[in-house]
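Asker: What follows is a structure written as structure tokens; I'll ask about it next.
The values are calculated or read from the model by the stated rules, or taken from the named source; none is laboratory data. As the structure is a computational prediction, the values presented were derived from the model and not from experiment. Note: ideal-geometry Cβ built from the backbone for every residue, glycine included; neighbour counts use all protein chains shown.
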Protein chains: 2
Amino acid sequence: MHISELDTPAILIDLDKMEHNLRSVADYAREHNLRLRPHTKTHKIPALARRQIELGAVGFTVAKVSEAEVMIEAAPEDLLVAYPVIGEQKLARLMRVARKTRVTVALDSQVAAEMLSAAASRSGLTIHVLAEFDVGLGRVGVQPGHEIVELARAIDALPGLRLDGVAFYPGHIKALDEEGFQALDRLSATVEQVVEDFDHAGLCLEIVSGGSTPTLFHSHRVKGMNEIRPGTYIFYDRNCVACGACQLEDCAASILVTVVSTARQNGMMIDGGSKTFFSDRLVTGEDAYFGHLIEAPGARFFRMNEEHGYVDLAAAARRFAIGDRVRVIPNHICVAMNLHEQVYGVRGEEVVETWRVAARGKLQ
Amino acid sequence: MHISELDTPAILIDLDKMEHNLRSVADYAREHNLRLRPHTKTHKIPALARRQIELGAVGFTVAKVSEAEVMIEAAPEDLLVAYPVIGEQKLARLMRVARKTRVTVALDSQVAAEMLSAAASRSGLTIHVLAEFDVGLGRVGVQPGHEIVELARAIDALPGLRLDGVAFYPGHIKALDEEGFQALDRLSATVEQVVEDFDHAGLCLEIVSGGSTPTLFHSHRVKGMNEIRPGTYIFYDRNCVACGACQLEDCAASILVTVVSTARQNGMMIDGGSKTFFSDRLVTGEDAYFGHLIEAPGARFFRMNEEHGYVDLAAAARRFAIGDRVRVIPNHICVAMNLHEQVYGVRGEEVVETWRVAARGKLQ
């Protein structure tokens, strides 16, 4: 099927670019002896998770139990739920997943550890655990120093749990400019100290799991870290370009839209707004636009309603007619994927794959 | 089932409040002889659309053909697609809908009218049309004056189409403060002039369709307008409170979430972020928060990642423990509904209805 036969809006995945992205990160991880446990929240598709395994991923990362239930389809040897699992319903479902594959949970409180221990003990299962510490984002995670050591000791003492090590997420490093590199150096020092503290305390530290998109190809600079959990690298997006993780040409996902109105002077409306793209602006910098129009450099995608994308063409090289189609590289692909029932894999102008976004909308 | 048996995050609909909201707008419309053609994008649920019909709605409004395909389940006598239908796939699907019920399309270009005319003629159907004009939002719609008259003339001359009148959307009026009332007066004058122009031109103007949430209960002040298409009024949300359309107590939809971490000082993390709430900030004013925590007045829901909600409790009257649940009134309920597979109707603490959000994610 040719792209022109697709109805819009539709997410297109350039398979050549995607495969290049998958391979380059798999090669980087192998070169630096980093375990690669990709976050599947970006694609939400078991078939793509399977490709990550084939390229050497040791397992996957998910945020929610409902995502784990979907990703079991890809037959991973390990599933990391990088989110505290709180509440009896979720714990019961997690135990069912743990009967099928090894499950690891990252958590940041003794309360969460005790709930997990009770559920695992009742089921006669062993759940692997990473103790999470905060490295500056101020989201989840106890403080490095005695807090993380105490949390790890508590986990280690609980039945049904196996302490594998620690996890952290340096989401406060938004770009690798000079300030970003300094933050990366501080992060490395913090992690090294945690490694030393665990060693003194005689605690298991097989896995030191971290990484973020901006720091992706500098992960080897964080001393002691031996695992990364990147997600966005499979497709990349404008945020990744802005933070320096990739070039615009590496972006494998674009959203095909149709021009539906040209009544606005020097502008046009496209049939994708926040219900198609999500409303995230770029994480870094001054750029206030919602995407890059491949066919119209200079166009400014400056506003959205749910179904309407407002494009200003004053500085664009060309004009468009009602019915014309353009492809837009979104700011944040993970949240856009979550809005689409299915997406299309393309080679050039040919649609060669249709994937259902199976883990879309999995909130629980 | 008691609310405590639901897993989180979950959207709860307070049915008493919802029914009050539905009735008050139906009564208002009846009192002022306004046709009520509710936009179903807010709830996306055929069973709720059916209740709107039972209370006197003349039909529904949808934005996309795929939404029309879902809402046909509610057996409306009329479906208004308030969006230009561009492209052969969509037109073919629209004709299938039009075999089941009367279809009206709002459009703003001769090109869109010609495409629709060709599809209707081929199918031997008549599609009703509203010519859309812009009243200040600068989104879709030709200019009032000769542009809207010319567009209506073109529609009127095309086979397979029946010109019913005009449509507009005063989305530029964000709140009914002094400035808002002035804008409403200007709007009324514009609409009156269009009515006069159509009269002089001998063009049909059975329907003059407009309205927006902030202006909802002042619709009768727009002279000549005889139809409103409100959506959010079924649930309301923080945006509606901010723009003066309702009180906080009228908000029928809240999102039940669980506290998953209290590691952050004076704060807590809840298990709903932008994947649960969407990332829309308030349309008006300075308020930069993402929702109102019913159980914690003073709490500030100040940041989101996809799965994490950051709540600052420095100014809140109470603290929470991991596993506690709170209900959050979202900023924008339409976009939140689009993220949930199902929602729950409650009376007090009892869950009495479970609805699938059938028109969720209908982009095309």
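Asker: Of all residues in segment B:71-80, count the ones that are without any contact (Cβ under 8 Å) to a residue 60 or more places away in the chain and surrounded by fewer than 24 Cβ atoms within 10 Å (Cβ to Cβ). Let's see the steps before the verdict.
Answerer: Of the residues in segment B:71-80, the ones without any contact (Cβ under 8 Å) to a residue 60 or more places away in the chain are B:72, B:74-79.
Subset that is surrounded by fewer than 24 Cβ atoms within 10 Å (Cβ to Cβ): B:72, B:74-75, B:77-78.
The number of residues fulfilling the criteria is 5.
Asker: Among A:E286, A:E306, which is the only one that is under 25 Å from the mean Cα position of the chain (by Cα), surrounded by fewer than 13 Cβ atoms within 10 Å (Cβ to Cβ) and not assigned by TED's automatic domain parsing to the domain that holds A:P214?
Answerer: Going through A:E286, A:E306 in turn, just one is under 25 Å from the mean Cα position of the chain (by Cα), surrounded by fewer than 13 Cβ atoms within 10 Å (Cβ to Cβ) and not assigned by TED's automatic domain parsing to the domain that holds A:P214: A:E286.
Asker: Does any residue of segment A:332-346 turn out to be over 24 Å from B:A63 (Cα atoms) and either more than 12 Å from every other protein chain (Cβ to nearest Cβ) or of a type in the set (D, E, K, R) (or both)?
Answerer: Among the residues of segment A:332-346, at least one is over 24 Å from B:A63 (Cα atoms) and either more than 12 Å from every other protein chain (Cβ to nearest Cβ) or of a type in the set (D, E, K, R) (or both), which makes the answer yes.
Asker: Counting residues that are touching a Leu at 6+ places or on another chain (Cβ under 6 Å), which strands (runs of 3 or more DSSP E) fully inside segment A:72-160 reach at least 2?
Answerer: Details: elements: A:78-81, A:102-107, A:127-132.
It comes to A:102-107, A:127-132.
Conditions tested, residue by residue: (1) acidic (D, E); (2) surrounded by fewer than 20 Cβ atoms within 10 Å (Cβ to Cβ).
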| position | (1), (2) |
| --- | --- |
| B:V58 | no, yes |
| B:E88 | yes, yes |
| B:A113 | no, no |
| B:E132 | yes, no |
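Asker: Next question. Please indicate, with yes or no, whether at least one residue in segment B:285-293 is more than 17 Å from A:L363 (Cβ to Cβ), charged (D, E, K, R) and within 14 Å of another protein chain (Cβ to nearest Cβ). First the steps, then the outcome.
Answerer: Initial filter on segment B:285-293 (more than 17 Å from A:L363 (Cβ to Cβ)): B:285-289, B:292-293.
From what's left, charged (D, E, K, R): B:286-287.
If we keep only those that are within 14 Å of another protein chain (Cβ to nearest Cβ) as well, we get none.
The answer is no, given that none of the residues of segment B:285-293 is more than 17 Å from A:L363 (Cβ to Cβ), charged (D, E, K, R) and within 14 Å of another protein chain (Cβ to nearest Cβ).
Asker: So, one more: Of all residues in segment B:1-41, count the ones that are in a helix (DSSP H, G or I) and under 18 Å from the mean Cα position of the chain (by Cα). Spell out the reasoning first.
Answerer: Within segment B:1-41, the first condition is being in a helix (DSSP H, G or I), and the residues that meet it are B:3-5, B:15-31.
Next cut, under 18 Å from the mean Cα position of the chain (by Cα) only: B:17-26, B:28-29.
Total meeting the criteria: 12.
Asker: Could I ask something else about it? I'd like to check which strands (runs of 3 or more DSSP E) are fully inside segment A:256-348 and have at least 3 residues that are in contact (Cβ under 8 Å) with a residue 12 or more places away in the chain and over 30 Å from A:E67 (Cα atoms). I'd like the intermediate steps shown before the answer.
Answerer: Numbers: elements: A:267-270, A:291-293, A:300-304, A:309-312, A:325-330, A:342-347.
Hits in segment A:256-348: A:267-270, A:300-304, A:309-312.
Asker: Among the residues of segment B:145-157, which ones are more than 12 Å from chain A (Cβ to nearest Cβ) and over 19 Å from B:V81 (Cα atoms)?
Answerer: Across segment B:145-157, the qualifying residues are B:G145, B:H146, B:V149, B:E150, B:R153, B:A154, B:A157.
Asker: Now for a separate question. I'm checking my understanding of the structure. Among residues of segment A:309-323 that are buried (at least 18 other Cβ atoms within 10 Å of the Cβ) and farther than 30 Å from A:P230 by Cβ, which one is nearest to the other protein chains (Cβ to nearest Cβ)?
Answerer: Taking segment A:309-323 as the starting set, the residues that turn out to be buried (at least 18 other Cβ atoms within 10 Å of the Cβ) are A:309-313, A:316, A:320, A:322.
Subsequent filtering for residues that are farther than 30 Å from A:P230 by Cβ retains A:310-313, A:316, A:320, A:322.
On the way: A:Y310: 7, A:V311: 12, A:D312: 10, A:L313: 14, A:A316: 17, A:F320: 12, A:I322: 4 Å.
Among residues in segment A:309-323 that are buried (at least 18 other Cβ atoms within 10 Å of the Cβ) and farther than 30 Å from A:P230 by Cβ, the one nearest to the other protein chains (Cβ to nearest Cβ) is A:I322.
Asker: Are any residues in segment A:321-346 charged (D, E, K, R) and within 24 Å of A:N239 (Cα to Cα), and if so, which ones? Step through it out loud before you land on a result.
Answerer: Initially, segment A:321-346 is screened for residues charged (D, E, K, R), giving A:324-325, A:327, A:341.
Result: A:R325, A:R327, A:E341.
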